[in-house]
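In what follows, a structure is listed as structure tokens, so that the remarks can point back to it.
The values are calculated or read from the model by the stated rules, or taken from the named source; none is laboratory data. Computed from a prediction, not measured in an experiment: that's the story for all the values here. Neighbour counts run over all protein chains shown; Cβ positions are idealised from the backbone, glycine included.
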């Protein structure tokens, strides 16, 4: 009976391909597991948000989020493009690339260590801020290892092993979430939260990395891995800064409590954005197998459908947001209007994500530079003055402009490429 139902579903998906112009069986299989993983991530993030909302002060939560933001910014001084390069190499059967990438990551993580320790010395001696000094020392030691271990994720995506990728991802997140919840119950100090996060994430990612390399079928490496990942890292450097600079600005200009309000305002929309980001790993292996001409025949219709579905989801969120916050995050009711408006900016990503996936799959480096860095530079110029003048609303306005310009540049660069 089960086999018969599966056969009927397969025939239905194949039939629908004449209208969607998409490999619906692949989308259903890969998309199912990626969706399962994203749902699990949302549940764990939501659980943590409830825990922080009820057990941590706004200042403690703001300080904790600031360290995570600082770590993400410092992490930009490394080979951040390795993940995309791994997906492409593994899709071509070069499974030795994971260990190759691990060594490259460790070799090029000296920037993380030097900058973290220098910042720790500044905060410790000049600012007498023991919390930030200690936190940055933790980042200096563990962030290079964490970045290396999490490379198992793009490796499994390149193999189209979405099932294992999802199961490992859930395992990689579940136990650190428990550790953080335990820290929230036992302590009200932000340094305990920071230590629990980095120790838990690094340990579990290390286990997932070890399990992944045991299944490699060959040791073939990618000679161009450093060259291509370097290009991706450079082009993504400004974008990484732009992606996190809002939290940095709010912390330094408005204080940790206001950062807590902003963090809760964007928390649920950012989870929705995480689901949209699944489009990139899901699409890249398929886009790499097709010509740009073939992609152009179907991509606009897909974007239109995606924008419609997302628009309905955003509308629903705007309606239910006040009820969600009043029940689960009563301390952060001030975040509601910010969150409702911020969610609308996700519509730009519905168009941008598939186009960027196609450009990455075909290594259109110049187009990626323009689309990625052009909008990011604009955000870096607009965010500080708008945040000073309008506070959190200024940061949200900056995000709208940034995402709108990024979408426009992606459309322009993709449209002008020859088949």
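Here is a yes/no grid of residues against (1) outside the structural domain of residue 41 (by TED's automatic domain parsing); (2) at pLDDT below 90; (3) more than 23 Å from residue 140 (Cβ to Cβ):
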residue: 165; (1), (2), (3): no, yes, yes
residue: 179; (1), (2), (3): no, no, no
residue: 186; (1), (2), (3): no, no, yes
residue: 206; (1), (2), (3): no, no, no
residue: 210; (1), (2), (3): no, no, yes
residue: 241; (1), (2), (3): yes, yes, no
residue: 261; (1), (2), (3): yes, no, yes
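Looking only at the range 390-419, how many residues end up being in a helix (DSSP H, G or I), touching a residue at least 60 places away in the same chain (Cβ under 8 Å) and more than 23 Å from the chain's Cα centre (by Cα)?
Final tally of qualifying residues: 0.
From the list 301, 286, 296, exactly one residue is at pLDDT below 90, part of a helix (DSSP H, G or I) and exposed (fewer than 14 other Cβ atoms within 10 Å of the Cβ). Which is it? Reasoning before the result, please.
Details: 286 fails: exposed (fewer than 14 other Cβ atoms within 10 Å of the Cβ); 296 fails: exposed (fewer than 14 other Cβ atoms within 10 Å of the Cβ).
Residue meeting the stated conditions: 301.
Which of the following residues is assigned by TED's automatic domain parsing to the domain that holds residue 255 and surrounded by 18 or more Cβ atoms within 10 Å (Cβ to Cβ): 377, 411, 405?
When all the criteria are applied, what remains is 405.
Picking from 343, 321, which residue would you name as being closer than 19 Å to residue 247 by Cα and either touching a residue at least 24 places away in the same chain (Cβ under 8 Å) or buried (at least 21 other Cβ atoms within 10 Å of the Cβ) (or both)? Show your work before the answer.
On the way: 321 fails: closer than 19 Å to residue 247 by Cα.
From the options 343, 321, the qualifying one is 343.
So, residue 12, is that one modelled with pLDDT under 70 and part of a helix (DSSP H, G or I) or not?
Working: modelled with pLDDT under 70: yes; part of a helix (DSSP H, G or I): yes.
Considered against the rule, which asks whether it is modelled with pLDDT under 70 and part of a helix (DSSP H, G or I), residue 12 comes out as yes.
With the condition being more than 22 Å from residue 205 (Cβ to Cβ), I'd like the helices (runs of 4 or more DSSP H) fully within the range 62-126 carrying at least 3 qualifying residues.
110-121
Hey, among 387, 372, which residue is buried (at least 16 other Cβ atoms within 10 Å of the Cβ), at pLDDT 90 or above and in a helix (DSSP H, G or I)?
Values: 372 fails: at pLDDT 90 or above.
It is 387.
Within the range 352-389, how many residues turn out to be closer than 29 Å to residue 49 by Cα and touching a residue at least 24 places away in the same chain (Cβ under 8 Å)?
Adding up the residues that qualify gives 9.
Every residue, every condition in (1) surrounded by 15 or more Cβ atoms within 10 Å (Cβ to Cβ); (2) closer than 26 Å to residue 133 by Cβ; (3) free of Cβ contacts under 8 Å to residues at least 40 places away in the same chain, yes or no:
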{"site": "162", "(1), (2), (3)": "yes, no, no"}
{"site": "169", "(1), (2), (3)": "yes, no, no"}
{"site": "172", "(1), (2), (3)": "yes, no, yes"}
{"site": "188", "(1), (2), (3)": "no, yes, no"}
{"site": "195", "(1), (2), (3)": "yes, yes, no"}
{"site": "207", "(1), (2), (3)": "yes, no, yes"}
{"site": "223", "(1), (2), (3)": "no, no, yes"}
{"site": "227", "(1), (2), (3)": "no, no, yes"}
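Would you please name the residue that is farthest from residue 41 (Cα to Cα), looking only at residues in the range 183-193 that are part of a helix (DSSP H, G or I) and over 25 Å from the mean Cα position of the chain (by Cα)?
Within the range 183-193, the subset part of a helix (DSSP H, G or I) is 183-186, 190-193.
Pick out the ones that are also over 25 Å from the mean Cα position of the chain (by Cα) and you get 185-186.
Details: 185: 21, 186: 24 Å.
Residue satisfying both the conditions and the ranking: 186.
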